[in-house]
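Notes follow the structure.
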Amino acid sequence: MQIVVLGGAGIIGRVIALDLAQDDLDLVIADRDLAGAERTAQQVGKRARAAQVDVTDGEALARVLSGAAACVNSTLYYFNLDVMRACLKAGVPYLDLGGLFHVTRQQLELGRAFRDAGLTAVLGLGSCPGVANVQAGWLGAMLERVRSVRIYNGATLDEGESLAWPYAIETILDEISKPAMVFRGGNFLEAPPLGEEEFFLFPDPIGWAKTHLSLHSEVATIPLTFADKGIEECFFKITFFGYSEAALRKMAFLAELGLAETERVAVDGGSVRPRDVLLAQLRKVPQTRDKPKSKGYKDVATVVEGVQAGRPVTLRADTSGGPHAAWGISGGTLLVGVPPAVVARWLGSKRLSRPGVWAPEQVIEPEPFFAELARRGFTTTLTRAETVAAPVA
């Protein structure tokens, strides 16, 4: 079985490939950066080969995909639609790490094309989106009615003020600068980026941590999935994208100055994208982390309120874990890379073969999925809270 990992030279693509290499699989590590893809392939082992491809070249990408059992797209989310169309052309099942709400909604429109082609596409299968969606689907299935789904992404943070990024820097800049989307009162609404700060209690060693809103893909699909159960609210909050709070405040200040904007501005008779200038400067930042690997812990918590057996109940799922010492990566990076590797195997083996375009909460079997995460060091727990007695008004 051959699996193509697009963006295989990147931070997350490397982890996906390392996990897939634990099985007897043929891997194609594809990236525009051929040297980076070759480094990943060399680390992964002899059954991996590197390929250079520009994912905006549909014909070239379809040739790379030809004959594959599945494609894992870990490129920047801007290219999700390009890759999906190439998978349709090549007849290959598709999986990605998320579309930051708006692109995800566009991807859902390809549902009929994938159904007609007999192909499966799963959108947003990392940690968040991904693990959180599977948690929401698991908990929501236990309830007759779902009132709210609230997602919290927590991690032990950097101890210094490093601006080194834990995943795609352009995605982080979009999350910092673009309005968050929330679902309230039956409507999708914009909210300020980094707004609605809230302290949330995560399992040790994270503990109490400040979280804030962010534009994210979970909110794009979960309200649609639970529309028939009367969902009224859905949001996603995170702890500073893995930065320290001080570092995030610096990044937010740069965004407030307009340096995350992508529209060209006139400068000395020419024009430049402010973001290009910012990215050029950020690339000078040493990509080392102030956070010791022993502190790289991650927890994804999904809290669902609803009705079970006629009574109000609150269910909470947590998936938690720490660093992978042998691979030298934090728990946060591991929990993004492992889920797509697990589900790529399911797609390739036809264990998951439901034609169409789906969110994880719709098609991923929760308990087998959590069992696979447990094999990689992640614990999933279920907490139930309900009122057993209350004063009569």
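Remarks
- Under 5 Å between amide hydrogens, built in the peptide plane, is the criterion, and for residue 261 it picks out 275 among residues at least 5 positions away or on other chains.
- Most fluctuating residue given options 132, 90, 60, as computed from a GNM of the chain linking Cα atoms under 10 Å: 60
- Residues whose placed amide H lies under 5 Å from that of residue 126, excluding near-sequence neighbours: 131
- Across the range 224-230, coupling constants 3J(HN,Hα) worked out from phi with the 6.51/-1.76/1.60 Karplus curve, θ = phi - 60°, read 6, 4, 9, 4, 6, 9, x Hz, and Gly and Pro carry x.
- Rolling a 1.4 Å probe across the protein heavy atoms gives the range 181-248 an accessible surface of 37 Å² per residue.
- By average C-beta atoms within 10 angstrom, highest first, the peptides 91-104, 304-317, 355-368: 91-104, 355-368, 304-317
- Pairs of Cα atoms farther than 18 Å apart, the range 95-215, %: 65
- With all protein chains kept in place, the per residue accessible area of the range 52-150 amounts to 35 square angstrom at a probe of 1.4 angstrom.
- Which of 236, 186, 200, positive extreme of dipole for the range 105-238 (C-beta unit charges): 186
- Test item: Cα-centred dipole of the range 48-133, Lys/Arg +1 and Asp/Glu -1 on Cβ, debye: 180
- Charge dipole (Cα centre; +1 on Lys/Arg Cβ, -1 on Asp/Glu Cβ; no other charges) of the range 156-212 amounts to roughly 260 debye.
- Beta bridges from DSSP with both residues in the chain: antiparallel share about 60 percent, rounded to the nearest 5.
- Placed amide H near residue 232: partners under 5 Å, 5+ positions off or other chain: 148
- Where only C-alpha atoms are counted, convex hull volume of the chain per residue in Å³: 152
- Counting protein heavy atoms only, the range 104-211 has 51 percent of its accessible area on carbon and sulfur, 1.4 angstrom probe.
- Positive minus negative residues near residue 133 (Lys, Arg vs Asp, Glu; Cβ under 9 Å): -2
- Applying Stokes-Einstein at 25 °C and 0.890 mPa s to the Kirkwood radius of the range 266-364, computed over alpha-carbon pairs, gives a translational diffusion coefficient of 133 µm² s⁻¹.
- Each Lys and Arg Cβ is given +1 and each Asp and Glu Cβ -1; about its Cα centre, the range 1-84 then shows a dipole of about 200 debye.
- Furthest towards positive pole of dipole, 111, 212, 392, structure part the chain, Cβ charges: 111
- Long-range Cα-Cα pairs in the range 161-296 (distance over 25 Å), rounded percent: 38
- Whole-number Å³ per residue for the convex hull built on Cα positions in the range 47-115: 87
- Within the same chain, lysines fewer than 8 places from residue 298 are excluded, and of the rest, those with a Cα less than 20 Å from its Cα are 210, 237.
The values are calculated or read from the model by the stated rules, or taken from the named source; none is laboratory data. It should be emphasised that the depicted structure is a prediction, and the values quoted were computed from it without experimental measurement. Reconstructed Cβ throughout: ideal geometry from the backbone, glycine too, with neighbour counts over all protein chains shown. Protein only, heavy atoms only, side chains kept; ligands, DNA and RNA dropped before computing areas. Shrake-Rupley method; radii C 1.70, N 1.55, O 1.52, S 1.80 Å.
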